[in-house]
Structure formats: C-alpha cells, structure tokens
Amino acid sequence: MTGTDHLMNPPSPWVQRFAKRIRHGGEVLDLACGGGRHARWLAGEGWKIEAVDRDSAALAGLAGVPGVRVRVADLELGAWPYAGRHFDGIIVTNYLHRPLLPLIEGALDEGGVLIYETFMVGNERFGRPSNPDFLLRPQELLEVARAAGLRVLAFEEGEVATPKPAMVQRIAAQR
C-alpha cells in the first residue's frame, strides 16, 4: 500500500463515527482486517492496533506502520489467538464467521466498544457475498449484542449505495 491508497479505500464512515467512543490511546483489535484500512486510520488517530488476518500478503502492507502490530492467524480454523486478552475496541467489517461472535464479545474490556459492519440477507441480489453462511439475518447483530449484555449505541440495517450497492447491517455497542 502506498501513502495514497487510503484515499481509494477509505475507512468506513460507520467506523469513523463510533471510533471516538473507544478509550483514546487504548488497544483496538481490527479483526479480519485485510489490507488494514481501519488499522492504518485508527493508528494515525492515536490508538494502539492489533491487526489480524489470515492473508499474510495483505498484512504485509501494514509492516512498519507506527502503532500497528500485525498477526497472521486463520480465525476460522486455528485456535482463537486472543484467549485472555481484552481490548478497548474491536472493529469488524465485511466479515462474518458466527462461531467467533461469542469470542469477540468476550474479548471486549469493560467499557470497550464493538463496531461491526457486514453484509446481510438480500445482498445476494448485488453479488458477493451471497452464501447465507456469510450473510447476517435481520436484526442478528442486535440480538447478539443484547444477549451479551452490551449497551447498543446504534444499529442500522438495509440497503446502501456506497461504497457500492449492498445490503448491510451495522452495530456499535459498548460493554
């Protein structure tokens, strides 16, 4: 990634809007971060970031970014790499592996903020993902957050036009 790549792939406005609820300077887990657009932005804003993804090539672009620690891990096949760790914030975008939901919730520190945004049913008419395993059911993130005892700060679901047409679900919740 070059210094201008963040202009072509900017952070999600949802993440930007709710990141200010995360304790400033705290530790943030960017889960299944891909190329690290959120890790890069959050680190630039003063948080300490743990960026994890199974794609080592995608993570390579984050090497040497101040405030970002990179971890290559297959979150779906390997052991949960954050057992016993707690974060002030956890960011998840464009990724869903339901067995991780209780582990993600369990890794939130007291006062920690979960910011989650991904695709939901109905997205199949726009293309990928279209597999129901990777599409949230209506109100699913809301139900997960409430069952975990998190305080919901905001929740949205439905069709969006940007950055591309899709059906999405978003939540910001706090422990």
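The values are calculated or read from the model by the stated rules, or taken from the named source; none is laboratory data. Bear in mind that the values here come from a model prediction, so they are computed numbers and not experimental data. Don't worry about glycine lacking a Cβ; one is built from the backbone with ideal geometry, like all the others, and counts go over all protein chains shown. Each accessible area value is taken on the protein alone, full model and side chains, heavy atoms only, with ligands, DNA and RNA left out. Shrake-Rupley method; radii C 1.70, N 1.55, O 1.52, S 1.80 Å.
Miscellaneous remarks
- Residue selected from the stretch 114-138 under the condition touching a Ser or Thr at 6+ places or on another chain (Cβ under 8 Å) and among the acidic types (Asp, Glu), by the criterion surrounded by the fewest Cβ atoms within 10 Å (Cβ to Cβ): Glu124
- Here the condition is being surrounded by 15 or more Cβ atoms within 10 Å (Cβ to Cβ) and either assigned to a loop (DSSP other than H, G, I, E, B) or over 18 Å from the mean Cα position of the chain (by Cα) (or both); of Leu153, Leu75, it holds for Leu75 alone.
- Which numbered condition Val168 misses (of (1) within 29 Å of Gly46 (Cβ to Cβ); (2) of a type in the set (A, V, I, L, M, F, W, C); (3) open to solvent by less than 10 Å² (accessible area, probe 1.4 Å)): (3)
- Tabulated pairs, the stretch 146-175, first within 20 Å of Tyr95 (Cβ to Cβ) and of a type in the set (S, T, N, Q), second part of a helix (DSSP H, G or I) and open to solvent by less than 30 Å² (accessible area, probe 1.4 Å), C-beta under 6 angstrom, 6+ apart or interchain: Gln169/Leu141
- Considering residues of the stretch 78-105 that are among the charged types (D, E, K, R) and not in a loop (DSSP other than H, G, I, E, B) only, the residue most open to solvent (accessible area, probe 1.4 Å): Arg98
- Filter result (under 12 Å from the mean Cα position of the chain (by Cα) and open to solvent by 10 Å² or more (accessible area, probe 1.4 Å)) within the stretch 19-48: Ala32, Cys33, Gly34, Arg37
- Search result, residues across the stretch 30-52 that are farther than 18 Å from Leu96 by Cα and either modelled with pLDDT under 95 or in a loop (DSSP other than H, G, I, E, B) (or both): Glu45, Gly46, Trp47
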